[in-house]
Every structure is written in structure tokens, then in C-alpha cells.
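J.: This structure is in C-alpha cells; I'll ask about it shortly.
The values are calculated or read from the model by the stated rules, or taken from the named source; none is laboratory data. Fair warning: this is a prediction, and the values are worked out from it, not measured in the lab. Every residue, glycine as well, gets a Cβ built from its backbone with ideal geometry; the counts of neighbours run over all protein chains shown. Surface areas here come from the heavy atoms of the whole protein model, side chains and all, with no ligands, DNA or RNA. Shrake-Rupley method; radii C 1.70, N 1.55, O 1.52, S 1.80 Å.
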Amino acid sequence: MSSMSRDALLVSLLLGFTTLALAQGRPAAAPSPGAGSGARAFEQLEQLLPTPSEARLASGAPGPQYWQQQVDYDIKVRLDDERQRLEGSETISYTNRSPHTLSYLWLQLDQNRFKPDSLSVRSAAAPSLSELPYTGLAQTLELENFKGGFDIATVTDGSGAPLQHVIVDTMMRIDLPQPLVPGGKSTIAIKFAFNIIDGTRIRARTGYERFKDGNYIYEIAQFYPRAVAYLDYQGWQHKPYLGSGEFTLQFGNFELAIDAPADHVVAASGTLQNAASVLSPLQRERLTRARGAAKPQYIVTPQEAAQAEKNRLTQRKTWRFQANNVRDVAFASSRKFIWDAMGVASGGRRVLAMSFFPNEGDPLWSQYSTQAVAHTIEAYSRYTFDYPYPVAISVNGPVGGMEYPMICFNQPRPYEDKTYWASPVNNRDRTWERSKYGLISVVIHEVGHNYFPMIVNSDERQWTWMDEGLNTFLQFLAEQSWERNYPSRRGEPKDIVQYMLSSEQVPIMTNSESILQFGNNSYAKPATALNILRESILGRELFDFAFKEYARRWKFKHPTPADFFRTMEDASGVDLDWFWRGWFYGTGHVDVAIDKVLELELDTRDPKVEKPRMKVFREQQPETVTMARNASAPVRTEQFPELLDYYNKYDEFQVTPYDEDKYRKFIEGLEEQDRELLKYGKKLYVVEFSNRGGLVTPLPLKITYQSGKSVEQTIPAELWRYNAQKVGKLLIADEPIVSIELDPHLAIADADTSNNRYPPQPEKTRFQLFKMDEETNPMKRESDAKKATP
Ligand SMILES: [Zn+2]
């Protein structure tokens with residue numbers, strides 16, 4: 001007989017104990033169907049998730065009827081370095097792969113967000129005036145005055161005939177003369193221009209930076225009218241661009257020609273098509289060498305960049321790039337750029353990891369940027385798929401951290417004296433911009449966005465967490481494989497506790513534009529949730545398999561939250577509806593307390609064992625105050641001893657022949673295995689937990705025994721399925737338990753760990769006595785000043 005089935009038998013024998021009903025997880029009374037209801041916490045998500053279809057299967061995979069649009073672009077732009085203006089034209093080839101006929105197409109005009117009368121500017125709520133930083137005020141004033149937005153010169157069809165179009169804030173509807181039938185193709189040509197925004201004054205994911213030497217760095221994005229995504233679950237995703245919610249885009253192939261001053265170095269999404277006409281022979285040779293190099297190699301050295309800064313060539317060069325199967329393109333241009341590169345192996349190919357940055361970025365950028373790009377590709381590919389694109393680029397300029405296919409814009413730079421911080425101090429922006437780990441982390445994060453949402457192409461305008469949360473989770477894994485004890489800002493459960501206790505919470509499943517505390521809600525909380533799911537619920541093997549399956553299924557497609565939730569369950573084989581419900585749809589936090597521990601002893605029914613035990617128990621009962629004070633008071637039976645009878649002398653704890661006979665008959669009536677059980681000799685404990693935070697959670701326990709031995713076990717969250725507020729767990733031990741600790745490794749984001757121990761222990765904390773720095777009074781200041789004057 002295995003000890004397992006023996007324990008089970010023992011428990012069934014003991015079911016008479018009321019506490020054991022609790023230990024089995026069954027409620028003592030039926031729970032009221034409120035927040036504490038276990039049934040509600042474990043209710044399946046069917047009512048919340050969209051009905052599965054043959055396009056999006058119940059398994060979470062794309063189905064046989066899945067479709068998505070194909071939109072290809074041929075874009076030509078001219079960068080005006082005198083006026084900080086971009087002028088261009090594009091031809092859009094729109095292939096309708098939906099089963100629907102479209103009588104109009106919607107395009108996104110993202111630059112229109114910077115028009116003074118845009119919905120974004122007009123709907124901006126007043127900033128908190130008590131703590132408005134200078135940069136905030138400068139941004140507000142700049143937005144009021146900046147002549148931003150697209151100038152749309154012409155909109156025509158492939159033959160040059162004008163097309164009827166209507167602009168609705170950041171969107172443009174183009175009415176098609178002939179409806180676009182399923183499988184059909186439309187061609188649209190647009191001439192456009194806009195003034196480039198000052199990216200150092202307006203946080204805009206794009207813009208220019210002007211340097212003291214008169215040079216500029218341009219980081220250009222959202223620069224061409226681009227198709228609104230038309231989706232099976234949404235129709236046209238044309239929620240306006242208000243500023244927080246990012247972009248929802250279709251895949252396509254791009255030709256991009258950038259006409260820039262001849263002394264600029266240009267970086268862009270895609271493969272450079274005309275290296276021979278824009279790079280020198282030396283640069284081309286260095287680039288070839290870098291592809292095979294194991295360390296970053298300069299294509300443009302710091303000295304060469306410093307020399308180029310002094311130029312102001314009037315000639316022009318056109319850089320041609322091609323990018324296939326991407327949802328967008330972006331580029332950067334400057335004569336200040338240093339350029340380095342190294343090769344990274346991914347899926348049997350060599351990817352070029354590259355960085356473009358000014359001398360102001362060194363020594364940080366030469367040392368860390370391209371290495372961080374390469375590290376990201378290696379680390380992320382382990383958890384998802386091989387990096388499918390030819391290049392991955394990190395650019396230093398005005399934008400603090402923003403991702404595009406194959407290229408991203410990142411900020412951290414040292415101070416002018418070349419010193420910098422290690423990690424950000426209290427996450428303050430100014431130190432983050434000047435720190436080593438700030439740079440490495442932002443490069444990992446933004447390059448990591450190639451996987452989510454550039455390839456696993458989720459709907460950013462609707463769900464920020466689907467790309468930011470998943471990406472921040474992988475960022476944490478990548479950071480931890482960069483350097484031991486890397487100071488990650490997000491990912492560890494303990495770091496999310498303060499946010500989860502705050503009143504400024506909305507569920508993760510909230511639209512991008514309505515999220516309070518954007519970073520905590522969409523980056524840190526989902527990243528932490530996935531870390532907990534991986535380490536404490538599914539385990540690394542099941543989690544990694546399921547997560548990879550999600551990435552593989554939705555690579556180059558458009559997933560929704562339901563596709564993610566369903567795939568993670570489908571591939572892991574574990575019901576996680578309670579987890580998505582609590583962490584993604586709720587605002588509860590984790591706080592479980594050990595309320596008490598009951599020690600249970602088995603009734604052996606043997607009078608020679610049980611009667612002495614009961615006697616000891618009776619004698620151990622404390623004397624009440626009344627009994628103590630009455631001890632010497634006269635009683636009537638002392639005055640009349642004849643009032644005492646048989647029962648006054650009867651010892652109920654004495655073992656009688658009757659008791660022995662009864663026990664013998666009881667034993668004879670038992671099966672052999674039950675008879676063994678009565679000699680079992682194990683210790684039984686019931687640990688009672690209460691859920692004070694509301695979120696149901698697994699319970700990692702460390703149990704220490706009298707001999708000093710300790711074991712760790714995690715009780716699954718399903719323990720809460722009958723009652724999500726209060727539950728007990730039966731522990732069976734060979735020897736007395738001396739202590740029990742809940743969440744010993746800070747794995748579940750428990751908000752209050754002071755109630756996690758049996759027996760309770762005082763919390764240790766350090767405090768300092770301090771004296772307020774007093775401002776000196778005017779009299780003292782004046783007298784000090786007089787003394788100081790000779
Ligand atoms: Zn991000």
C-alpha cells in the first residue's frame with residue numbers, strides 16, 4: 001500500500017471532524033455568491049470571451065477561415081534639413097483578402113494628431129498644475145503653436161484620376177469608384193507633406209533633435225498615410241489616434257526611397273538596396289566584415305562622424321530600402337551618426353544587429369547598444385521563433401524609446417562629461433536618460449517589440465498589454481540572462497505590490513486610451529502575471545511550450561486576447577480561466593494570511609490510550625477565577641457528607657473490563673487495513689488561510705519540522721474553488737511541525753507578508769531617527785551675514 005492511498009484512507013476515516021470538512025476544501029456553509037464566492041472566481045470565461053469561429057478557433061489558433069488584408073507600399077520621401085519638413089508620395093496596393101466587398105478604404109493620418117485642432121489636442125484634460133514640470137508646460141505650449149498635420153496634395157487612383165476622400169481627424173476615408181470585391185486589388189496614389197515635430201519638446205514617438213552644432217538627428221515614423229486595419233473581429237479599426245493607444249496595422253511589402261542630404265547616414269526598416277551608390281567602398285567592406293563578426297564593428301567610426309558634423313553638403317543622395325512582410329516602416333537620418341554592426345545567428349541565417357548614434361551617445365552606445373540588440377534576438381528567439389528579418393537597428397535621438405519593424409529609437413545617453421548612472425535612481429526620467437541599465441533595458445525592450453507586436457501583430461489601439469505586457473515579460477527574461485542580478489525594474493512579483501494596492505487601478509483588459517498608470521497597468525502587471533504563471537502555476541516547461549505555441553500560431557497574424565488566453569490553456573492543458581479572470585479582468589491584489597493552525601490527533605478508540613490522554617487534557621484545563629476564589633469556601637457536601645454518592649468516587653478515566661471488551665469487539669469488526677491505520681502514528685494539521693486581497697492564488701509553503709528538516713510545496717489555486725475567502729489545508733506529517741511560512745520566495749506578489757507565518761513573528765524593520773533640516777530664520781541669516789562681513 002502506498003503512503004498516498006494510506007493518507008487518503010486516513011482522511012476518509014477522519015471526516016467526522018468539522019475542521020476536516022474545511023480541510024477538504026468544502027465550505028462549512030454554502031458561500032454567498034458574492035466576491036468571495038469560489039464558484040465566481042473559478043467561473044469559466046465563456047461569457048466574457050467572443051464566441052469561437054472557424055476564423056478564430058476555440059483552441060485559440062487561427063482557423064481555416066482566418067483571413068487578413070495585404071497592403072503593399074511604394075514610398076518616396078524627401079527630407080528637408082533646412083525646414084525640418086518631409087515631402088513625399090506613395091502608391092498603395094490594397095489587396096482585399098476578406099470575404100467582404102468594400103466600397104471605401106480608411107487610411108490613418110497619424111500626423112494629424114499634431115494639428116492644433118486635433119481631437120487629441122482638444123480633448124486633452126488639464127495637467128495637474130501643482131506638479132506640472134517645465135517639460136509638460138513646454139509641450140502644451142508647443143502643441144498649441146506647432147503647424148503640424150498632413151498636407152494632402154492629391155489622392156488619385158492608379159491611373160491618376162482623383163478619388164473622393166474625407167478626413168476625419170487622424171483618419172481618411174477614400175471612396176472607391178468601383179467597390180473592391182473579395183480577392184480584388186485597388187491602387188491609390190497620394191502626395192503628402194508635413195512639418196516634422198520637435199521630438200525633444202513633444203513626446204511623439206517621432207521627431208527631430210537639434211544639436212548645439214546646428215546639426216539634426218531625424219527619427220521619422222507615422223510619416224505616410226497608411227491603411228487602417230480591417231479585421232474579422234472589429235471591421236475597420238479606426239479609433240482616433242489620441243496619443244496613448246498605439247497602432248493597428250496590416251502586413252505588406254514596402255519599397256522605401258529616402259532622398260536626404262548627401263552627407264547624411266540613413267537607417268531604415270529593411271534591406272539597403274543601393275549600397276554601391278550611398279556607401280563608400282570602405283564602408284561596404286566594413287559592413288561585409290561586420291556581418292561575420294562576433295563583436296560590434298564600426299561602419300562609420302566616431303572620428304568620421306565627428307568630421308562629418310562639420311559638413312553642410314548641398315548635394316543629395318537617395319537611399320533605397322526594401323522591407324517584406326512588415327506592418328510599417330520608419331527611418332532615421334543624420335550626418336552625426338556613428339554606425340556599428342555585428343552578425344547574429346538566427347535560424348540558420350545571419351541577422352545584422354546595428355546601431356546609429358552621435359558622439360554624444362558615447363561611451364555608452366559603442367559599448368552596449370549593438371550588443372543589446374544581438375542579445376535580444378538570441379534571448380527572444382528562445383521563447384518564440386527565429387528572427388525573420390535581415391536587420392535589427394537601435395538609433396539614438398530625440399525619442400525616448402519607440403519600436404518599429406527592424407528599427408527602434410532609444411534615448412539614454414551619458415552626461416556631457418561622459419559620466420553616467422548605473423541604473424535609474426527611483427525611476428526618475430533624468431537619471432533613466434543617463435544610465436547604463438536604462439540603455440540596455442530600453443534597447444532590449446524596443447528591439448523585443450519586433451516579436452510583439454511587429455510580427456505577432458496584435459491590436460495596439462485597443463489592447464496595450466498584448467504587446468507591452470508580453471514584451472516586458474520577455475524583456476525581464478532577457479535582462480536576467482544579460483548579467484547576474486540584473487536590476488530589472490519590472491517582472492519580480494514583489495515589485496508590483498504597491499501598484500496592486502493603489503486605488504488608481506483599472507483592469508488590464510481596459511482600452512488603451514482609458515488606462516490610468518499606463519506603465520504599471522500595461523507593462524508591469526501583465527509581465528508580472530506571466531512571470532507568476534510561469535514560475536508558480538504552470539512551471540517553466542509547460543509555460544514555455546504554451547507561450548511558444550501562441551507566438552508560433554500568431555506569427556504574421558492578428559491575435560486577440562481570447563486567442564492568447566485560449567492558446568495558453570489549449571497547449572498547457574491547464575484551466576487558467578481563474579487566473580485570467582483575477583489578473584486581467586480584475587483589480588484585486590494578492591494577500592493571503594495564515595489565520596491559524598489546528599493540530600489534530602487520531603482517536604485510536606483504544607481505552608488504554610485514549611482515557612489517559614483525556615485525563616491529561618482535563619487536568620490541563622485552566623482553573624477559572626471563580627473556581628480559584630471558591631477553593632477554600634465552605635460547601636454543603638462538606639457539611640453533609642451523606643450527600644456524596646457512587647458518582648462522586650467514580651473515575652471516568654479508569655479503564656474498565658467493559659471498555660476493553662468493547663474495544664476488542666470494535667477491532668475484530670475492522671478490516672485488516674483499517675486496523676493498521678489506527679496504529680498510524682502521523683501528525684495531522686489543518687492550516688486555515690484567509691484571502692484578504694481578493695485574488696485567488698497558489699500557496700507556496702515552507703514547512704519546518706521539529707528535527708529541523710524542512711520541505712516546500714505549492715498548493716494549487718484550485719484550493720479556493722469552493723470558497724475564495726477562507727479555506728483550510730490538511731497537512732500530514734511524520735513529526736511535529738514547528739513552523740509554516742507562506743510565500744517564502746516572494747513568488748506570488750503577496751501584499752502583506754507580516755501575516756504569512758505560523759507561529760506569527762514580529763516584522764523586522766529598520767527606522768532612522770531624523771531631524772528636520774530647519775531653514776534659518778531671517779534674523780539669524782542677517783546676523784550671520786554681518787558676522788561674515790569683515
Ligand atoms: Zn513597449
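J.: Taking Ser381 as the residue in question, decide whether it is touching a strand residue (DSSP E or B) at 6+ places or on another chain (Cβ under 7 Å), small (Gly, Ala, Ser) and buried (at least 24 other Cβ atoms within 10 Å of the Cβ).
T.: On the way: touching a strand residue (DSSP E or B) at 6+ places or on another chain (Cβ under 7 Å): yes; small (Gly, Ala, Ser): yes; buried (at least 24 other Cβ atoms within 10 Å of the Cβ): no.
No.
J.: Inside region 170-181, can you point out the residues that are surrounded by fewer than 22 Cβ atoms within 10 Å (Cβ to Cβ) and either more than 38 Å from the chain's Cα centre (by Cα) or more than 30 Å from Gln65 (Cα to Cα) (or both)?
T.: Of everything in region 170-181, those that are surrounded by fewer than 22 Cβ atoms within 10 Å (Cβ to Cβ) and either more than 38 Å from the chain's Cα centre (by Cα) or more than 30 Å from Gln65 (Cα to Cα) (or both) turn out to be Asp175, Leu176, Pro177, Gln178, Pro179, Leu180, Val181.
J.: Looking at Gln69, Gln111, Gln65, Gln44, which is the one that is open to solvent by less than 50 Å² (accessible area, probe 1.4 Å) and out of contact with any Gly (no Cβ under 8 Å at 6 or more places or on another chain)?
T.: Working: Gln111 fails: out of contact with any Gly (no Cβ under 8 Å at 6 or more places or on another chain); Gln65 fails: open to solvent by less than 50 Å² (accessible area, probe 1.4 Å); Gln44 fails: open to solvent by less than 50 Å² (accessible area, probe 1.4 Å).
One residue alone meets the criteria, Gln69.
J.: Checking the structure you have, find out if any residue of region 657-667 is surrounded by 12 or more Cβ atoms within 10 Å (Cβ to Cβ) and out of contact with any Pro (no Cβ under 9 Å at 6 or more places or on another chain).
T.: yes
J.: When you scan region 238-355 for helices (runs of 4 or more DSSP H) that lie fully inside it, which ones turn up with 1 or more residues that are within 25 Å of Gln371 (Cα to Cα) and of a type outside the set (A, V, I, L, M)?
T.: Ranges flagged: 281-292, 302-308.
J.: Give the residues of region 723-743 that are surrounded by 14 or more Cβ atoms within 10 Å (Cβ to Cβ) and farther than 14 Å from Leu598 by Cβ, sorted by residue number.
T.: Asn723, Ala724, Gln725, Val738, Ser739, Glu741, Leu742, Asp743
J.: Against the definition (more than 20 Å from His558 (Cβ to Cβ), away from the ligand (no atom under 12 Å from the Cβ) and in contact with a Lys or Arg (Cβ under 6 Å, 6 or more places away or on another chain)), how does Phe543 come out, yes or no?
T.: Yes: the conditions hold for Phe543.
J.: Looking at the structure I just gave you, is Glu549 open to solvent by 10 Å² or more (accessible area, probe 1.4 Å) and touching a strand residue (DSSP E or B) at 6+ places or on another chain (Cβ under 8 Å)?
T.: Spelling it out, it is not the case that Glu549 is open to solvent by 10 Å² or more (accessible area, probe 1.4 Å) and touching a strand residue (DSSP E or B) at 6+ places or on another chain (Cβ under 8 Å).
J.: Also: Can you give me the number of residues within region 300-336 that are more than 41 Å from the chain's Cα centre (by Cα) and on the phi > 0 side of the Ramachandran plot?
T.: Counting residues in region 300-336 that are more than 41 Å from the chain's Cα centre (by Cα) and on the phi > 0 side of the Ramachandran plot gives 0.
J.: Got a sec? Which helices (runs of 4 or more DSSP H) wholly within region 560-647 have at least 3 residues that are free of Cβ contacts under 8 Å to residues at least 40 places away in the same chain and open to solvent by 20 Å² or more (accessible area, probe 1.4 Å)?
T.: Fully inside region 560-647 and qualifying: 607-620, 625-630, 636-639.
J.: State which residue pairs qualify: first residue part of a loop (DSSP other than H, G, I, E, B) and inside region 651-680, second residue surrounded by 10 or more Cβ atoms within 10 Å (Cβ to Cβ) in any location, beta carbons under 6 Å apart, and separation of 6 or more residues or different chains.
T.: Phe653/Lys611; Phe653/Lys615; Val655/Pro607; Val655/Lys608; Val655/Lys611
Here's the yes/no breakdown for (1) crowded, with 20+ Cβ neighbours inside 10 Å; (2) within 16 Å of the ligand (Cβ to nearest atom):
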| residue | (1), (2) |
| --- | --- |
| Thr472 | yes, yes |
| Gln475 | yes, yes |
| Asn485 | no, no |
| Val497 | yes, no |
| Met500 | yes, no |
| Ile508 | yes, yes |
| Ser514 | no, no |
| Ser522 | yes, yes |
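J.: Do we find that Phe194 is of a type in the set (Phe, Trp, Tyr) and at pLDDT below 95 in this structure?
T.: Values: of a type in the set (Phe, Trp, Tyr): yes; at pLDDT below 95: no.
Against the criterion (of a type in the set (Phe, Trp, Tyr) and at pLDDT below 95), Phe194 does not qualify.
J.: I would also like to ask the following. Pick from Gln111, Gln139: which is outside any strand (DSSP E or B), touching a residue at least 40 places away in the same chain (Cβ under 8 Å) and more than 29 Å from Leu256 (Cα to Cα)?
T.: Details: Gln111 fails: more than 29 Å from Leu256 (Cα to Cα).
When all the criteria are applied, what remains is Gln139.
J.: Mind checking which residues of region 408-424 are open to solvent by 60 Å² or more (accessible area, probe 1.4 Å) and in contact with a Pro (Cβ under 8 Å, 6 or more places away or on another chain)?
T.: Hits for region 408-424 are Lys418, Tyr420.
J.: Let me ask something else. For residues that are in contact with a helix residue (DSSP H, G or I) (Cβ under 8 Å, 6 or more places away or on another chain) and more than 16 Å from the ligand (Cβ to nearest atom), scanning just region 394-415, find the one that is modelled with the highest pLDDT.
T.: Pass one, region 394-415, residues in contact with a helix residue (DSSP H, G or I) (Cβ under 8 Å, 6 or more places away or on another chain): 394, 396, 400-406, 408-414.
Next, from what is left, pick out any that are more than 16 Å from the ligand (Cβ to nearest atom): 396, 413-414.
Values: Asn396: 98, Arg413: 94, Pro414: 94.
This residue is Asn396.
One line per residue, one yes/no per condition, for (1) over 30 Å from Gly63 (Cβ atoms); (2) surrounded by fewer than 23 Cβ atoms within 10 Å (Cβ to Cβ):
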position	(1), (2)
Thr187	yes, yes
Thr200	yes, yes
Glu209	yes, yes
Ala221	yes, no
Arg226	no, no
Gly235	no, yes
Gly245	no, yes
Gly252	no, no
Pro261	yes, yes
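Rundown of residues vs (1) open to solvent by 10 Å² or more (accessible area, probe 1.4 Å); (2) more than 20 Å from Leu439 (Cα to Cα); (3) among the aliphatic types (A, V, I, L, M), yes/no style:
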| site | (1), (2), (3) |
| --- | --- |
| Tyr298 | yes, no, no |
| Glu309 | yes, yes, no |
| Ala332 | no, no, yes |
| Asn359 | yes, no, no |
| Trp365 | no, no, no |
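J.: I would also like to ask the following. Tell me which of these Trp432 doesn't satisfy, since it passes every other one: (1) open to solvent by 20 Å² or more (accessible area, probe 1.4 Å); (2) away from the ligand (no atom under 16 Å from the Cβ).
T.: Every condition holds for Trp432 apart from (2).
J.: Separate question: Tell me, which residue of region 692-722 that is assigned to a strand (DSSP E or B) and closer than 22 Å to Met500 by Cα is least open to solvent (accessible area, probe 1.4 Å)?
T.: Leu699
J.: Within the group Tyr368, Tyr380, Tyr389, which residue is assigned to a helix (DSSP H, G or I), closer than 19 Å to Ala345 by Cα, touching a residue at least 60 places away in the same chain (Cβ under 8 Å) and more than 16 Å from the ligand (Cβ to nearest atom)?
T.: Going through Tyr368, Tyr380, Tyr389 in turn, just one is assigned to a helix (DSSP H, G or I), closer than 19 Å to Ala345 by Cα, touching a residue at least 60 places away in the same chain (Cβ under 8 Å) and more than 16 Å from the ligand (Cβ to nearest atom): Tyr368.
J.: Looking at Ala153, Ala221, Ala193, Ala161, can you tell me which residue is under 30 Å from Leu313 (Cβ atoms) and more than 40 Å from the chain's Cα centre (by Cα)? So that I can check it myself, show each step before the final result.
T.: Working: Ala221 fails: more than 40 Å from the chain's Cα centre (by Cα); Ala193 fails: more than 40 Å from the chain's Cα centre (by Cα); Ala161 fails: under 30 Å from Leu313 (Cβ atoms).
Exactly one of Ala153, Ala221, Ala193, Ala161 is under 30 Å from Leu313 (Cβ atoms) and more than 40 Å from the chain's Cα centre (by Cα), namely Ala153.
J.: For the structure I just gave you, tell me whether Ala374 is away from the ligand (no atom under 16 Å from the Cβ) and either in contact (Cβ under 8 Å) with a residue 24 or more places away in the chain or open to solvent by less than 40 Å² (accessible area, probe 1.4 Å) (or both).
T.: For Ala374, the condition - away from the ligand (no atom under 16 Å from the Cβ) and either in contact (Cβ under 8 Å) with a residue 24 or more places away in the chain or open to solvent by less than 40 Å² (accessible area, probe 1.4 Å) (or both) - is met.
J.: In region 437-462, which residues are open to solvent by 10 Å² or more (accessible area, probe 1.4 Å) and either more than 14 Å from the ligand (Cβ to nearest atom) or at pLDDT below 95 (or both)?
T.: Answer for region 437-462, where residues must be open to solvent by 10 Å² or more (accessible area, probe 1.4 Å) and either more than 14 Å from the ligand (Cβ to nearest atom) or at pLDDT below 95 (or both): Tyr437, Gln462.
J.: Out of the helices (runs of 4 or more DSSP H) lying entirely within region 429-535, which hold 3 or more residues that are over 25 Å from Lys548 (Cβ atoms)?
T.: Hits in region 429-535: 429-432, 436-448, 497-501.
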